[in-house]
Each structure stands twice: as structure tokens, then as C-alpha cells.
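Presented below is the structure to which this report refers.
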Amino acid sequence: MSEQPRRPRPSGKPYRRPKKDPVRILAFEALRAVDERDAYANLVLPPLLRKARENEGPEKFDARDAALATELVYGTLRWQGTYDAVIAACVDRPLGDVDPPVLDVLSLGAHQLLGTRIPTHAAVSATVELARVVLGDGRAKFVNAVLRKIAQDDLDGWLERVAPPYDEDPEDNLAVVHSHPRWVVSALWDSLGGGRAGIEELLRADNERPEVTLVARPGRATAEELLDEDAAVPGRWSPYAVRLTEGGEPGAIEAVRDGRAGVQDEGSQLVAIALANAPLDGPDRRWLDGCAGPGGKAALLGALAAERGALLLASEKQPHRAGLVASALDGNPGPYQVITADGTRPAWRPGSFDRVLVDVPCTGLGALRRRPEARWRRRPDDLEGFAPLQRGLLRTALESVRVGGVVGYATCSPHLAETRAVVADVLKQIPDTDLVDARPLLPGVTDLGDGPDVQLWPHLHGTDAMYLALIRRTG
């Protein structure tokens, strides 16, 4: 039997199946998970990539595919605010009326056109093919029309059209140009203390891909051992830090697999080191991590405590996070204990500890390089939700330390409402306390301000924007 001719479509053109592009399909699936499930890309993307690499068929990923998928996901999330402004100028309806899956495809296309070196024709055609696969032919035509409008100019040209002039509205200009919500721009600017150059450097740093930073846990691994890895260089500030300058897969490193080393931002390491080195009056035998999950600081504190023969108690309210803490501390060379407990309702007696760390829950505005979607997920109202918890945890920490002992209040946010305002409010209620100058406890670290507390910055220190206040109990 001879093959029947393909039936023409109403347009007169024969039907063509859309070409499946596994890289862009995976990127789209990751963006949908972030949008639909409030997931974080750094948790969603690795298992998707792992599954793609394990596929033995024609859709199996190689290293270049994984790198492109990662860039598409993180680049689209970082620049979502800017791309939304561009897309809004190219559609005939309010952006809120565009279906979220369609908007994700358009954003992926906008990033390829405006944020990568992918040729214009390839960026448009590949994104339209993706739309045909995941959205259908009808909506693919809409995607095609919008992307062709976007392709008529480059990013600088679009910013001139969609961003208000800086002189008329500086915060809105920076919000659009650097893809941050306006309220976040305002908060970061206040924390920096004014000046255009500093805020622009910070916003640019937030949009850069951070290096992978490892920590060699004392007594179990050394920085020298980790430096034997490819493209590994010493950390800038922490003696235990090693940076992987070309990314790399931390799980492929033996010391990381064994738990002797871990992935930990250098700012997080510095917080633990400063608390461990703060001068004490009296014994130094019992340490507490009052908000220990997921365990990075607890593992470093536990190792530093072990060097002095001190015990670390790691407390975490959420059972699953307490499990992560236990995993991080497994194999610690000194005594430790992990418990599931509410840090505002302590399971220990007052004055039980010589050193206490509380790295409190917060908005996470200091880690926007690593979790770019957080900038779009957070709202100013979130500050009010965190405030009572942050103050309660600090009060409990000060009640838990003995006279002469030291408390470290830390947060991965530079927002003044989560840093200095919390410390000032609590110290008014607990007068027998003194702020300790934290700056000398971070030797070699520059640009630490007037003290006594410390605010780290991505653009100045290459770290997350960690805040630390050290407080001694005097009575």
C-alpha cells in the first residue's frame, strides 16, 4: 500500500511536529516549579539535572547542556523584573492577564534575547518551538509575535524605554535597571547609608552568579586538602574557606561526600569564627546554636568547640531540619548533642552556656545571589511577621548565656528592621549587656564600618550580606 499523502492544515501548510528541546523544556519545568510550588531553584534544579544526565536516550544531558539550563533558569529569575517591564511594553493586555506558563516562556525567550549571546534567530525559533511543545500552537503564535517585538532592540535600548529617568525617580529606575523590587532597593539603600555608586554596585553584585565556597571543618579536613581540587583557590577571609572558581560539583569531592567539608558561604563561616574567638570571662565549656538548621554553622562551631574540649548543643525547632543538623555534625571530633526544640521556649536552664549563636529566620535579602526568586517572593509585610520571632530568639539567647558569656545575633539580611533595630530593642529590655566590637575578630576583613556590629556585603566582601552583633552578658 502506498503511503497516504499528509493531509494539509487549513492554512495549506502540512502539520509539523514541534521539535523537543530537552534543555529548554527542563528550564521551563524548573520555572514552573518555582512559580507553582514556591520552590527554590537551588533545590529544584539539581534533581532535574541529575535525572537528565542519567537518561541513556538521545535526550541525555552533557556538561554544556547542564550549564545552559542552569543559566536559563537563574538568569530568567534574576532578571524577571526587568523582563516583565519589557514584556509589558510588547503585549496588548495587563501583564497579570497573561497566563503564568506563557509568561515563563516569554521570560525565557527574553533572557536569551537580552541576557545571553544566543543569536536572535536561534533564540526566537527555539523559544517558539518550546511554546509549541508546552503551550500548544495557538499560544505559540502569541509568543512568536511578542518575541519578535523584543528582538527589535537590545537590553540597553529597552531600558531607556521602560525605566523612568534616574533624576525623576531614582528608586524606580534602579528597580527596573537592576531587577529588584522597589521596596528592596529602598531598604538596601537605607542599610548602605546613601550614595548612588554603592547601591548600584550592590544591585549588580546581587545579579552575579556566586562562586561555590567550601568549608574545611577543623579537625576533619584542611583547606590545603581542598585546594588540590581543580580550579580551587583559597577563600578571601576565612582560613577554612576554599572557592571553586569554575563552579564544579561539590558532591564529587571526597571530603564533601564524607562530611569532613561542606558547602558554606564565607560570610556564614565568618559569623561562626567571630563568635568562637570572642573574649570570655570565665570557663569556655558549653556552646549553644539556638537556630541550628540546616547545620552549616553548627558543623563549624562544633569543630571549633571540639578543639577546646567544649560541648556544642545544637537546637532546631523543625524536625526535618534537625535531621539535617545531625547529618552535618555526624563525625564531629568532639562532644555534641542535637535536639528538636523551640528556641523561644528553651529546653535548658537559664545561664547554661558560655557562647550562644542565634542565626534567626529572616527575609533572606542578604542571599539574593543564591536565591534570586526570593526578591520577588518576599513582601514588606514579611518584616512584621519575623520581628516578634527575631526579638524572642535574641531575648532567649541572652537569658541562656551566663554572666561573662557572649551571644552572637546573626541574620542573612541587611535590612535595618532585622538587624540593628532588633538588637537595640532587646538590649533596652535587658540592660546588663554590652555590645562587643566584632571587627577585630575578623582579622584582615576590610570595609567593616564603624562597628561595633558588622555588616558584610556581596559587592565589598564577595559574601552573602550577613549581619553579626556580639553581646556580652554583664549581669
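Some points to look at:
- Against the main long axis of the alpha-carbon atoms of the chain, helix 137-150 sits at an angle near 70°.
- Computed from phi, the 3J(HN,Hα) profile of the stretch 105-122 under the Karplus parametrisation 6.51, -1.76, 1.60 (θ = phi - 60°) reads 5, 4, 5, 4, x, 4, 5, 5, 6, 10, x, 9, 9, 5, x, 4, 4, 5 Hz, with x in place of Gly and Pro.
- Per-pair calculated FRET efficiency, R0 = 45 Å: Asp190 and Leu311 via Cβ, rounded to 0.05: 0.65
- The stretch 320-415, dipole about Cα centre (Lys/Arg Cβ +1, Asp/Glu Cβ -1), debye to the nearest 20: 220
- Backbone N under 16 Å from the Thr446 label point (7 Å along Cα→Cβ), restricted to the stretch 227-251: 236-238
- Seen against the Cα atoms of the chain and their longest principal axis, helix 196-206 is set at about 80 degrees.
- Protection proxy ranking, peptides 444-451, 254-261, average beta carbon neighbours within 10 Å, highest first: 254-261, 444-451
- The stretch 295-454 - accessible surface per residue (Å², probe 1.4 Å): 41
- Highest mean packing comes first when the peptides 103-109, 24-30, 224-230, 433-439 are listed by Cβ atoms within 10 Å, giving 103-109, 24-30, 433-439, 224-230.
- Within straight-line reach of Lys297, meaning a Cα separation under 13 Å, sit the following aspartates and glutamates at least 8 residues removed in sequence or on another chain: Asp265, Glu266, Asp289, Glu316, Asp359.
- Extension gain for Arg379-Thr245 works out to 44.9 nm (0.36 nm per residue, less the C-alpha to C-alpha distance).
- Highest to lowest packing among 268-275, 397-404, scored as the average C-beta count within 10 Å: 268-275, 397-404
- Using the Karplus relation 6.51 cos²θ - 1.76 cosθ + 1.60 with θ = phi - 60°, the per-residue 3J(HN,Hα) values for the stretch 354-361 come to 8, 9, 9, 10, 10, 9, 7, x Hz, with x marking Gly and Pro.
- Semi-axis lengths, Å, the chain, gyration tensor of Cα atoms, sqrt of 5 times eigenvalues: 46, 26, 19
- Percent accessible area from carbon and sulfur atoms, the chain, protein chains only, probe 1.4 Å: 49
- GluC sites (Glu not before Pro) within the stretch 41-131: DSSP coil, no more than 16 neighbouring Cβ in 10 Å: Glu56, Glu59
- Given their separation in residues at 0.36 nm each and the Cα-Cα distance between them, Arg349 and Leu435 gain 28.6 nm when the chain is fully extended.
- Sites Val233 and Ile339, calculated FRET efficiency, Cβ-Cβ separation with R0 51 Å, nearest 0.05: 0.85
- The amide H of Gly235, built 1.01 Å from its N in the peptide plane, has Ala241, Val242, Arg243 as neighbours under 5 Å, considering only residues 5 or more places off or on other chains.
- In this structure, the pairs whose alpha-carbon distance is over 25 Å, taken from Lys317/Lys428; Lys19/Lys60; Lys19/Lys51; Lys20/Lys141, are Lys317/Lys428.
- This model, with +1 at the C-beta of Lys and Arg and -1 at the C-beta of Asp and Glu, gives the stretch 175-247 a dipole about its Cα centre of some 360 debye.
- The stretch between Arg420 and Asp92, if pulled fully straight at 0.36 nm per residue, gains 113.5 nm over its current Cα-Cα span.
- The phi torsions of the stretch 458-475, fed into the Karplus equation with coefficients 6.51, -1.76 and 1.60 and a -60° offset, translate into couplings of x, 7, 9, 10, x, 10, 5, 7, 7, 10, 9, 10, 9, 10, 9, 7, 10, x Hz, rounded to whole numbers, with Gly and Pro shown as x.
- Heavy atoms of Cys90: accessible area, 1.4 Å probe, square angstrom to 10: 10
- Spatial separation of Cα centroids for the stretch 84-131 and the stretch 403-469, in angstrom: 42
- On the beta carbon distance between Glu54 and Glu224, with R0 = 35 Å, the FRET formula returns roughly 0.55.
- For the stretch 232-366, the fraction of C-alpha pairs farther apart than 25 angstrom is 26 percent.
The values are calculated or read from the model by the stated rules, or taken from the named source; none is laboratory data. Small disclaimer: the values here were computed from a predicted structure and weren't measured. Reconstructed Cβ throughout: ideal geometry from the backbone, glycine too, with neighbour counts over all protein chains shown. Areas reflect the complete protein model, heavy atoms only, side chains present, ligands, DNA and RNA absent. Shrake-Rupley method; radii C 1.70, N 1.55, O 1.52, S 1.80 Å.
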